[in-house]
Amino acid sequence: MQYLLASLLCLFHISQVFAVIQTGLPTSICSSNYYKCDPQTEKRWSLFKSSAGLNTSGASYLTVGSCSMNGQSNSDIYVLLALLQQLDNVYFDAKISFNNDLSNYHDTPVSELQTIFPQIKYSRNLMSVSKSHAYIDYSNFAPFRYWVRHNRLENKLMMVAYFGYKYTFLCEFEPL
């Protein structure tokens, strides 16, 4: 009986340690430590900071957005963002374009999500979800990290992406 009680207490302690470990939100994007943000990027950063976590009521998203890169919004970077929500899981995938505005996807229904992203339900695409944000880290040898939040006032998804060691994207998606 004592062995069982000690084992349960150990499992409870381990689960408490894992429950506390979370990835925080990015900070100081427009702080001028690495680059100066133009007004559009400042606005995107403000929207990201005032956003909250995803509504995990089972809604999935397929949406196109434009991005600022390293504080400059005049770049031609666009993202097709896919979030597939099933039960308590949220899966992430994206197509990033450095030249094309991805306008051919603007009116694509969410029912086409798994056709466009057939591998979205792979375990590597499973996001960590908290009340404040959804997060995924593809880092093996370089930082490829994504934070997604929902701005309820603007009804937009906002995303920060660390794309390697040199690039930070701040993306704003069409109203949902």
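Each reported figure results from applying straightforward, stated rules to the coordinates on display, with no laboratory input. The structure displayed is predicted, hence computed values, not measured ones. FYI the Cβ positions are ideal-geometry reconstructions off the backbone, even for glycines, and counts take in every protein chain you see.
Per-structure values
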quantity	calculated
For the stretch 51-90, the fraction of alpha-carbon pairs in successive 5 Å shells from zero, as %	6, 21, 18, 20, 15, 12, 7, 2
Length-normalised contact order for the chain - Cα pairs under 8 Å, 6+ apart - percent	22 percent
Cα-projected label distance for Asn100 with Ser50, points at 7 Å along beta-carbon direction, nm	3.5 nm
Positive-pole candidate from Pro26, Ile116, Leu87, dipole of the chain, charges at beta carbon	Pro26
If the convex hull is drawn through the Cα atoms of the stretch 92-176, its volume per residue in Å³	123 Å³
Net charge, Thr108 excluded, C-beta distance under 13 Å - Lys, Arg +1, Asp, Glu -1	-2
Protection proxy ranking of 65-72, 119-126 - average other beta-carbon atoms within 10 Å, highest first	65-72, 119-126
Non-local Lys pairs in the chain, i.e. 8 or more apart or on different chains, that have alpha carbons under 25 Å apart	17
Dimensionless Rg ratio for the chain, taking C-alpha atoms and the 2.2 N^0.38 Å reference	1.16
For a label point 7 Å along the Cα-to-beta-carbon line of Lys121, residues of the stretch 66-110 with backbone N under 18 Å	82-94, 110
